[in-house]
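Notes follow the structure.
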Amino acid sequence: MTAPWQARVLTLFPEAFPGPLGCSLAGRALRDGKWSLDVRDIREHGLGAHRSVDDTPFGGGAGMVLRADVLDAALAAAGGDLPGICLTPRGAPLTQERVRSLAEGPGVVLLCGRYEGVDQRLIEARGLSEISIGDYVLAGGELPALVLLEACTRLLPGVMGGAASADEESFTEGLLEYPHYTRPAEWQGRRVPEVLLSGDHGAIARWRRRQSETLTRERRPDLWAAYLAGGMKPPVASAPAAP
Ligand code: 9D3
């Protein structure tokens, strides 16, 4: 087997890992050796009797900042052979494109921020890239690290069979997914759309694409604009305007 994809995580809360990644597909793949997870406690590199990892911000302001010297020692111990990423609310938004590119590489070293943030000199000196998972406030980088790892590991060869790549292609096509239905054909007076019971595969494909387009236009004008601009497959018919 080729060298498994490696994740190294630096955190003040090592007990947060593997967390939900121990379940289901990612967990099985981890046990099968398709990827590895090496979690290190930043506090092992803390200073003094209290193993201090943070200090007050120069210039004043609320909260504490993780020290560059402590984090540098933690990163040195983790090895410099993998791309280093700091999870921080001011990072570039995580996208499927970024996930794909990370999954294609040898692995990642993830630094989970806590408190107000990380001394900027450490990020520059170590050439870390900064990634956020979205515009909402969390308590630290641990859940974002788990999100990034789940997104990457499901793309590794043999983790999901063909499903991940097929799924990725459709996401990459830039539209939201059409709605899904299964038995019973009528439930609480609600019938499944008749076209799905018709056996007419052409009509079903057109209906699904039209649903995807309408949903994308209504819910995600950003994706819709990119879709229209991007020379994607032409719409089957123009999706109706939002009411
Ligand atoms: C007052 C400014 N806040 C930034 C929006 C301070 C702040 C809030 C939360 C600093 C750190 C945090 C902890 N969050 C993360 O470390 C984090 C995060 C997030 O909060 N949202 C989305 N993605 C991420 S990645 C890391």
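Quick look at the numbers
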quantity: The stretch 168-229: mean projected area of Cα convex hull, nm²; calculated: 5.2
quantity: Label point at THR2 placed 7 Å out along Cα→Cβ; residues across the stretch 90-117 whose backbone nitrogen lies under 20 Å; calculated: 97-109
quantity: Length added when fully stretched, ALA229-ALA73, from 0.36 nm per residue minus Cα-Cα; calculated: 51.5 nm
quantity: Cα radius of gyration and Dmax for the chain (Å); calculated: 22.5, 73
quantity: Environment charge at ASP54 (Cβ cut-off 12 Å; Lys +1, Arg +1, Asp -1, Glu -1); calculated: 0
quantity: Rounded if a/c under 1.5, otherwise prolate or oblate - the stretch 1-41, Cα gyration tensor axes; calculated: oblate
quantity: Cα gyration tensor shape for the stretch 1-122, rounded if a/c is under 1.5, else prolate or oblate; calculated: prolate
quantity: Cubic angstrom per residue, convex hull over Cα atoms of the stretch 1-73; calculated: 130
quantity: C-alpha long axis of helix 142-153 to longest principal axis of the chain, angle in °; calculated: 50
quantity: Dipole magnitude (debye, nearest 20) for the chain, charges at Cβ of Lys, Arg, Asp, Glu; calculated: 700
quantity: Simple label model, 7 Å out from Cα along Cβ direction - ALA185 to MET64, nm; calculated: 6.4
quantity: Accessible area per residue in Å² at 1.4 Å probe, computed on the chain; calculated: 58
quantity: Difference of contour (0.36 nm per residue) and Cα-Cα distance, HIS50 to SER101; calculated: 14.4 nm
quantity: Using a Förster distance of 41 Å, the FRET efficiency for GLU194-ASP81 (Cβ separation, nearest 0.05); calculated: 0.10
quantity: Per-residue [θ]222 nm for the chain (sum of -39500 (n - 2.57) over DSSP H runs n ≥ 4, rounded to 500); calculated: -10500 deg cm²/dmol
quantity: Theoretical gain in end-to-end length, ARG43 to GLU218 [0.36 nm per residue, Cα-Cα removed]; calculated: 58.3 nm
quantity: Carbon and sulfur %, accessible surface of the chain computed with the full protein complex present, 1.4 Å; calculated: 54
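The values are calculated or read from the model by the stated rules, or taken from the named source; none is laboratory data. What you see is a predicted model, and the numbers here were worked out from it, not measured in a lab. Virtual Cβ from ideal backbone geometry, glycine too; neighbours counted across all protein chains shown. All accessible areas refer to the heavy atoms of the entire protein, side chains included, with ligands and DNA or RNA removed. Shrake-Rupley method; radii C 1.70, N 1.55, O 1.52, S 1.80 Å.
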